[in-house]
Amino acid sequence: MGSIIKGNKIALLILIFIFTLSLVSCENISSINPIRFHSSSNGRDLYQPPSNISETEEILLNDNLLDSIYKFIEIILGIIALIAVPINVYVWLLKDSAQIKAIGFLKKIKFIKHDFEYNLIGPNNQKNAPKKIIKLPYPRNPNFIGREKILYFLYKNLNGGENLPKIIALVGNGGIGKTQIALEYAHRYIDSFKYIWFLHSGLLSLRDNLPSSLHGEYISIAKDIGLPEPKSGTSESSIETVKKWLEDECQSPYLLIFDNPNKLDDIISYIPTHGRGQIIITSRKKGIWRSIAIEQEVNIFTIDESIKFLLNRTNQNYENAARGLAYELGYLPLALEQAGAYIQNKGISFESYLYLFKNNKSELLKSSKPELYPYTVATTWEISFQGAKNELSNNGLEEDLAWDLLSLFAFFSPEKIPRSLLHSFVNNIPYPLSSCINEKHKFNKIVEPLNLYSLVDASDDFCSMHVLMQFIIRDKLSKDKQRFWSKVAVDILKKAFENKEYRDEILKSFPLYYRHLESVLSFAKDYSDIPESISSTLLEVGQLLKERRKFDEARKCFEFGLSIIKTAKDPDYNPIIDETSKYNEYKPYDPDPIKMQLNKNLGLVLIELGNFKKAMEIFLESKLQDSLLYGPEDYHVDEDNRYIRFINEKQSKIEY
């Protein structure tokens, strides 16, 4: 550390001592009685005593004032000299981290002037010190797309005038793109930093709870910047030395990226409390970083970002096909990357991959690991769930309850599963999950770690899950469990639609509940039985929607009711509407009253929607059915004829 006292500091100390000595000499001279010389006419200086007493007093007064000023300056500079010498000697003797802090303080009060931070870090440092240190794990990703709002948010909030590290935590589920955003920010603004370090901060294994490698990362930083080996020889000493250097001595802008820490305690001792740094944290866990950072949640790609990513990643230009594939993958960046890499490597089209994905979804989600990401989609969410299980276990809660809740959610539509639906129809949910849902405090305790690890997106009113997460959960269930939880979901929705007290809630938010009903019934076809009685419930709800003039929503109810009846019949049964919304003929002599009412109500809403051609087909067929069932003179047939005439009049006016 001999290079510490050098340059400006040595020159300053020498000047202080010389000036102090000169003042002492001046003091000795000034103690002699003042003598005044005056020039004579012959150019020689002659001594002349003062002409009177008052002149003598004035001279003495002026000399005393000047003497006092000299003494005051001498005292001040003497004090500075006495402080400067011990401080520099003491700094020599201090341990490394305290050295950094002391010299940093002297710099702040402008007592010493440094030639940048490298004057501190060892012998011959000026010659060997690196000009720039960039430690990033990957080169810039040429396929990075979008995320401009988040990147602008980072730039705006990480650049400020205060002498404090600016910290932002990017949070969200694994595979959502947090690390890629942090790396893109680092590469985009690489010229703004003298130092960038990417620090692997997560547990090496959530399952085994192994510690992270962050200790080693900080020891590596110490070597990068040439800090001396700590006297104690421990990793903690190196960590403290690096942290103090970043806080007090580093005068150049730096960026630290803490990637995937599991909890605040894992990194809090590594984070500088002041200095010129910017810090980005990426984490699966939400809500735990707000005491030190601004949290920014990272969500799935937008539709346009997804399409652009697939086209760019595969060098294909079939936008509509890319749109369909992006929808099937739920716009998840990691899933899109897996698909893009597979398509490019195999040389296949979007349509071919989509066909493979629909038929081999489980295998594809478990394989095709991306090049720049350590896990597949399936493994990523397995890690998240393992973290949630650890949280539950640490809080004394049952892991099985969380898994049961996820299993139930997996059969609903992914977006906005109403909490009120679970609480209102808890009697249709099996024990012990029903007991947990009944106790709202306990239910919130179960949901909290799932939300924390982004397995669900929970709010006061709703819970949501990603569509691929739902598939992975269903795929892990046995066939018996699939049938079991599918039936539970169907029973909940069936009771909700039948319940007249809850029906106002359904009518108010019909599109939401209709999506959930569609979802649970679509799985029921594969895993369990669809109760045919739900068709009558859909008839009632559709009629209420028709009365409220919500004709398109009523149409969906009637069509869905007819498709359920078709599913319940034999394979040769051919209803008016099939899965492709194509209207066909009824099978003669089929006196199903619910089906006939659904049929006529569908015809009525099609008239209101202006689809006269399809409405005419329905009422002609209805007239045939009524004639065969009731006879040609029955009022049901008269009613059919009245609607047929009305449709003809409407069509005539349109043609005219």
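The values are calculated or read from the model by the stated rules, or taken from the named source; none is laboratory data. Worth saying up front: this structure is predicted, and the values here are computed from it rather than measured. We place every Cβ from the backbone using ideal geometry, glycine too, and count neighbours over all the protein chains shown. We work out accessible area using only protein heavy atoms, side chains counted, and drop any ligands, DNA or RNA first. Shrake-Rupley method; radii C 1.70, N 1.55, O 1.52, S 1.80 Å.
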* To do: Tally the residues that are assigned to a helix (DSSP H, G or I) and more than 19 Å from Thr179 (Cα to Cα), restricting the search to segment 340-378.
  => 21
* **Which listed residue is part of a loop (DSSP other than H, G, I, E, B), in contact with a Lys or Arg (Cβ under 7 Å, 6 or more places away or on another chain), open to solvent by less than 40 Å² (accessible area, probe 1.4 Å) and modelled with pLDDT under 90, from Gly174, Gly160** => Gly174
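Could you list, in sequence order, the residues of segment 180-192 that are open to solvent by 40 Å² or more (accessible area, probe 1.4 Å) and of a type in the set (Val, Ile, Thr)?
Our first condition is that a residue be open to solvent by 40 Å² or more (accessible area, probe 1.4 Å); within segment 180-192, this holds for 180, 188-192.
Within segment 180-192, just Ile190 meets the criteria.
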* Scan segment 208-229 and give yes if some residue there is open to solvent by less than 20 Å² (accessible area, probe 1.4 Å), modelled with pLDDT of 95 or more and assigned to a helix (DSSP H, G or I), otherwise no. => no
* Structure fact -> Of (1) surrounded by fewer than 18 Cβ atoms within 10 Å (Cβ to Cβ); (2) at pLDDT below 85, Ile565 satisfies every one except (1)
* Count of segment 277-291 residues which are in a loop (DSSP other than H, G, I, E, B), crowded, with 18+ Cβ neighbours inside 10 Å and not aliphatic (A, V, I, L, M) -> 4
* Can you run down the residue pairs with Cβ atoms below 7 Å, 6 or more apart or on separate chains, where the first is in segment 417-435 and under 25 Å from Ser509 (Cα atoms) and the partner is polar (S, T, N, Q)? => Ile417/Ser464; Val426/Ser434; Val426/Asn438
* Asked: Could you say which residue among Ile576, Ile654 is open to solvent by less than 50 Å² (accessible area, probe 1.4 Å) and either at pLDDT below 85 or in contact with an Asp or Glu (Cβ under 8 Å, 6 or more places away or on another chain) (or both)?
  -> Ile576
* Those residues of segment 360-401 which are under 24 Å from the mean Cα position of the chain (by Cα), open to solvent by less than 60 Å² (accessible area, probe 1.4 Å) and of a type in the set (Lys, Arg), in sequence order -> Lys389
* To do: Pull up segment 419-445, narrow it to residues that are in contact with a helix residue (DSSP H, G or I) (Cβ under 9 Å, 6 or more places away or on another chain) and hydroxyl-bearing (Ser, Thr, Tyr), then point me to the one that is least open to solvent (accessible area, probe 1.4 Å).
  => Ser434
* To do: Quick one: Glu540 ticks every box in (1) modelled with pLDDT under 70; (2) surrounded by fewer than 19 Cβ atoms within 10 Å (Cβ to Cβ); (3) over 20 Å from Lys623 (Cβ atoms) except a single one, so which number is it?
  => (1)
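If you check Asp475, Asp460, Asp504, Asp480, which single one turns out to be more than 35 Å from the chain's Cα centre (by Cα), closer than 27 Å to Phe385 by Cβ and of a type in the set (Asp, Glu)?
Values: Asp475 fails: more than 35 Å from the chain's Cα centre (by Cα); Asp460 fails: more than 35 Å from the chain's Cα centre (by Cα); Asp504 fails: closer than 27 Å to Phe385 by Cβ.
Result: Asp480 is the single residue among Asp475, Asp460, Asp504, Asp480 that is more than 35 Å from the chain's Cα centre (by Cα), closer than 27 Å to Phe385 by Cβ and of a type in the set (Asp, Glu).
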* Residue check: is Leu450 open to solvent by less than 70 Å² (accessible area, probe 1.4 Å), under 20 Å from Glu559 (Cα atoms) and assigned to a helix (DSSP H, G or I)? -> no
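Can you find a residue in segment 303-312 that is in a loop (DSSP other than H, G, I, E, B) and in contact with a helix residue (DSSP H, G or I) (Cβ under 8 Å, 6 or more places away or on another chain)? Break it down into steps so the answer makes sense when it comes.
Within segment 303-312, the subset in a loop (DSSP other than H, G, I, E, B) is none.
Checked segment 303-312: no residue is in a loop (DSSP other than H, G, I, E, B) and in contact with a helix residue (DSSP H, G or I) (Cβ under 8 Å, 6 or more places away or on another chain).
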* Out of Ile294, Ile343, Ile300, Ile307, which single residue is in contact with a strand residue (DSSP E or B) (Cβ under 6 Å, 6 or more places away or on another chain) and touching a residue at least 12 places away in the same chain (Cβ under 8 Å)? -> Ile294
* Asked: What is the number of the single condition among (1) modelled with pLDDT of 90 or more; (2) under 19 Å from Pro449 (Cα atoms) that Leu392 does not meet?
  -> (1)
* **Enumeration of residues in segment 234-276 that are touching a Cys at 6+ places or on another chain (Cβ under 7 Å) and open to solvent by 10 Å² or more (accessible area, probe 1.4 Å)** => Arg276
* **Tally of residues being in a helix (DSSP H, G or I) and more than 28 Å from the chain's Cα centre (by Cα) across segment 241-270** => 6
